[in-house]
Each structure stands twice: as C-alpha cells, then as structure tokens.
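The structure appears right after this line, and notes come after that.
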Amino acid sequence: MANPFEKKNMRILVTGATGMLGRELCPMLEAEGWQYWATNSKIFDVTNTKLTNEIMNKVSLEFIIHLAAYTNIDLAETNPEQAYLVNQMGTKNIAQIAKKLNVPILYVSTDMVFDGAKNEPYKTNDATNPISVYGKSKFLGEEEIRKTTKKHYIIRTSWLYGKGERDYVNTMLTFSNLRDEISVVDDQIGCPTWTRDLAQKIVSIIKEERAFGTYHICSSGHTNWSGFTKEILKNRNTKVISIDKSDFPRPAKRPTYSVLDNNNELPDWKNSLSEYLLTR
Ligand SMILES: NC(=O)c1ccc[n+]([C@@H]2O[C@H](COP(=O)([O-])OP(=O)(O)OC[C@H]3O[C@@H](n4cnc5c(N)ncnc54)[C@H](OP(=O)(O)O)[C@@H]3O)[C@@H](O)[C@H]2O)c1
C-alpha cells in the first residue's frame, strides 16, 4: 500500500504555528510539498469548543501537529485557570478532532512533567510528578491525548531556542552588548534544544510513520543555564557569573534535573548551538 505521507497534498492542521517551534516547522512542511493549515489563537483558539466541533465536522485532514500552548511558566502560577484551559482543555479539543477524523496527532510536551529528583536521564516511562502549574497542565494535556486516541505521538522536549522573540540565545547576546557581567543559575540541569533540530525530527517521524507513543526528543548531552550561557557567549567579553536558584527566585518551581533520555535522537547540544550561532 502506498505511503500516504508520500502524497504531495497531505493536509495537516498545525496549532501554535506562530510560536517559536511552529515558525521553524511550517516552512519544512511546505518543503515536503504538504498542505498545512497554520493556526494561532486568533485563527483557531483551541479552547473554542464550538469552532472545534465545526472543524471536526467540516474539515478534511490527514495529520494534526498540536503545538499551541500557554507557555508563560511563571505567569501560569498566578493564572492557573488559563494555563489549564489552554493546555488541558484545548488539547482535549484537538485530540477529539483527531479521534473524530481518525488521524494521527503529534503533541509537544515538556521536561517539566518531571520533578527533577532523579540524577540520571529521565526515560519515557519514568513516573511524572510536575512541580509547577505549567508542568501539570502540559501533563494533563498528555493524558487527554492518551485517553482519547491511540494514534498519538507525545514528544517531550526541553529548553527550546531558535529564531523568534522569545529566543534565550538572542536575549543573552543582546545582554552581552549592554553588560560586562551576567548572573545565571547553575543548579538547574537540562538540555538546550534547537527548534530546527526538533522540527526536522518531527518531519522525519511523520515520514517514517514511526510507531505511536511517547518519545523524548532533545539534544544529546546536558548542561546548566550558566554553562549554556557561557557557551553562547564564548566569543564575547561578557563574564558569566554562576548563581544559585535561591539567588534568583521565580514564581514557578523548575526541576533541578530534567535531562531526558533522548535515545540519541538529536546531536550534541554544543554542536547544534554553534550551528545556530552561525545561521544568525
Ligand atoms: N519553549 C520551550 O522551551 C518548550 C520546551 C518544552 C516544550 N515546549 C512546548 O512546545 C510547544 C511549542 O512551544 P513554543 O516555544 O513554540 O511556544 P510559543 O512560542 O509560546 O508559541 C505558542 C503558540 O501557541 C499559540 N496559542 C497560545 N494560546 C492559544 C490558544 N488558546 N489557541 C490557539 N493557539 C494558542 C500561540 O498563538 P498566538 O501567537 O496567537 O498567541 C503561539 O502560536 C508548546 O506546546 C510548548 O509547551 C516548549
């Protein structure tokens, strides 16, 4: 039987297409010759159940990539209703479209579903225990998908950077133009991941028709935020000062250790970072 994803006209719904990951991914879908419907909160608010029902009954799709999320981790602590509405209920709506149309759904989740108490990379079947509203809301989104449809990919990733306004790398480079010293926490360990690497992997998962399930996809290796910043600024004169999380209190708790066992899905974070720096 022909591979449906070789069809040049595959129709894909992309939610959160205007976000950091979506902006990297959509041109890649286009390059494959796939048709995609790029949406954001203005075009299709995923919490709008009426619109969800209309889409379910009127639109013809072959795949759903669900990136839309409430991603302000700190604000979620004081605005939990909105975080749960978008990340849990919005995801439930999208999962129901997938179920009704009998198409696969790919959902991007986070390392923040773990509590960080481990000291070796988290495996996909390790117990989750989110310690922030954002982490919990994303985990509940995962659960909505798991209970609605078997045809799912749940992809947990971490510390995304890439072109866009919210790019950590760009923020640090800008700071370094203005400051001689930058203080960054060194007691939070994880894995920075370039949106381009992740987007390319998403395309290959679709093309290879990988088995459905939960995957950890982030760069290989690990670092802390201070180490990441030092690498970003290695050719600059700005000094990076390591501080403790307790010196920089923030509303949402972050896992102390959230390295994901990525099964070598992506290159080492330092290689990807240097490539990204060359593309800027
Ligand atoms: N960034 C990270 O470090 C990271 C790490 C792990 C996992 N993730 C996950 O990866 C995915 C993509 O992240 P990102 O960094 O690209 O996010 P982002 O830059 O914050 O973009 C979020 C996207 O979601 C859309 N959105 C928000 N609320 C919506 C709603 N109610 N209805 C429809 N669309 C809505 C936004 O649209 P508007 O422009 O209209 O607001 C935007 O397109 C998210 O699911 C996130 O949880 C991110």
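Partners of residue 150 within straight-line reach, counting aspartates and glutamates whose Cα lies under 17 Å from its Cα and excluding those fewer than 8 residues away in the same chain: 62, 142, 209.
Pairs 50/99; 42/99; 92/118: which are spaced more than 26 Å apart, C-alpha to C-alpha? Going by Cα-Cα distance, 92/118 fall outside the 26 Å limit. Simple rule: put +1 on each Lys or Arg Cβ and -1 on each Asp or Glu Cβ in the chain, find the dipole, and look at 73, 51, 172; the Cα lying farthest toward the positive end is 51.
To the nearest Å, what is the center-to-center distance of the stretch 59-75 and the stretch 216-232, using C-alpha atoms only? A separation of 25 Å, based on Cα centres. Charge dipole of the chain (Cα centre as origin; +1 on each Lys and Arg Cβ, -1 on each Asp and Glu Cβ, all else neutral): 700 debye, rounded to the nearest 20.
Using the Cβ of residue 200 as centre and a radius below 13 Å, the other residues enclosed give a net charge of -3, where K and R count +1 and D and E count -1.
Principal-axis analysis of the Cα atoms of the chain puts helix 20-31 at an angle of about 50° to the longest axis. Seen through its C-alpha gyration tensor, with square-root eigenvalues sorted a ≥ b ≥ c, the stretch 216-259 comes out oblate because a/c lies at 1.5 or above while a/b is not bigger than b/c. Counting only Cα atoms, the stretch 26-93 measures 42, 28, 18 Å along its principal axes, largest extent leading.
Taken together, the values in this text are just the output of simple stated rules run on the coordinates, not laboratory data. Given the structure is predicted, the values throughout are model-derived calculations rather than measurements. Positions of Cβ are backbone-derived with ideal geometry, glycine not excepted, and every protein chain shown enters the neighbour counts.
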